[in-house]
Amino acid sequence: MVLKYKATLLEKGLAEATINRRLASVKALVDFARKIGKCDFTLQDIKGENGISAESFKALLTIPNRSTLKGKRDYALLMLLWGNALRRGEVASANIEDLDLEEGTLKVRGKGKGTQAEIITLGTKAIVALSEWLEARGETEPRQPLFTSTHKGYWGERLSTTSLYKIVRHSAYRAGVEKVISPHRIRHSSITTALDKTDGNVRKVQKLSRHAKFETLMRYDDNRSNSQKEITDVLDGLL
């Protein structure tokens, strides 16, 4: 029953943190019920949702056909989502004028900041991918969307956040990734991977995630490292 509930949450495209909180609540209730003799089972085998690994994400990058206009676009937006841990709303709202290829930067309007923009530095591969996409597209009007539809009926229209979600999910499906992958899951995975590669340097990774609250990023690190279990094992080892 709980596995079916988890599958339903995944199908709705909820954020990993939301799914994990809900599963944790159910598990805590069952654990309490077991302690007071109301049931004789546990839900310890029900695992929370984790992100996508760098190796699995590489599989996604092989899906876009970079000899086509659509493939160049999809590859560029995937690179942005991973390398800069962008939110899908930030990608969808970006215009051509926000991108400075010479400086290798992009202005993004973060969550809860209205029209206030901040400048982020892009990775080399993302810069190349964006250059190829814009060159193939042939659009130079600065106020045009950075990412647009390549479909005949919707040519040139700004990609919606729903469209971004579908592009990511379809790429993951074609790459054989069993998990339900969303832009948010890629962002979560990028942040967690960055913490792994920097030995948990939360201050550095905060620059990537652009979380306003330091405590938010600390939760990522706690989930990644499971420090509590590490300390518990140390205490157990003393006995």
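Overview of values
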item: Calculated from backbone phi, Karplus (6.51, -1.76, 1.60) coupling profile of segment 70-85 in Hz, x at Gly/Pro; result: 4, x, 5, 5, 4, 5, 5, 6, 5, 5, 5, 4, 7, x, 10, 6
item: Per residue accessible area of segment 84-200, 1.4 Å probe, in Å²; result: 55
item: Between segment 22-87 and segment 101-180, the alpha-carbon center distance in angstrom; result: 21
item: Carbon/sulfur fraction of accessible area - segment 145-196, other protein chains in place, 1.4 Å, %; result: 52
item: In segment 35-81, the trypsin sites (Lys or Arg not before Pro) that fall in loop regions by DSSP, at most 13 other Cβ within 10 Å; result: K38, K47
item: Filtered GluC sites (Glu not before Pro), segment 90-160: DSSP coil and at most 15 other beta carbons within 10 Å; result: E102, E103, E139, E157
item: Qualifying trypsin sites (Lys or Arg not before Pro) for segment 126-198 [loop in DSSP, other Cβ within 10 Å: at most 12]; result: R143
item: Candidate lysines for bridging to K207, where Cα separation is under 27 Å - those fewer than 8 sequence places away on the same chain excluded; result: K58, K107, K111, K113, K125, K197
item: Accessible surface of segment 37-99, 1.4 Å probe, proportion on carbon and sulfur as whole %; result: 48
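The values are calculated or read from the model by the stated rules, or taken from the named source; none is laboratory data. As the structure is a prediction and not an experimental result, all values here were calculated from the model. Glycine also receives a Cβ, built like all others from the backbone with ideal geometry; neighbour counts cover every protein chain displayed. Heads up: the accessible areas ignore ligands, DNA and RNA and are worked out on the full protein's heavy atoms, side chains in. Shrake-Rupley method; radii C 1.70, N 1.55, O 1.52, S 1.80 Å.
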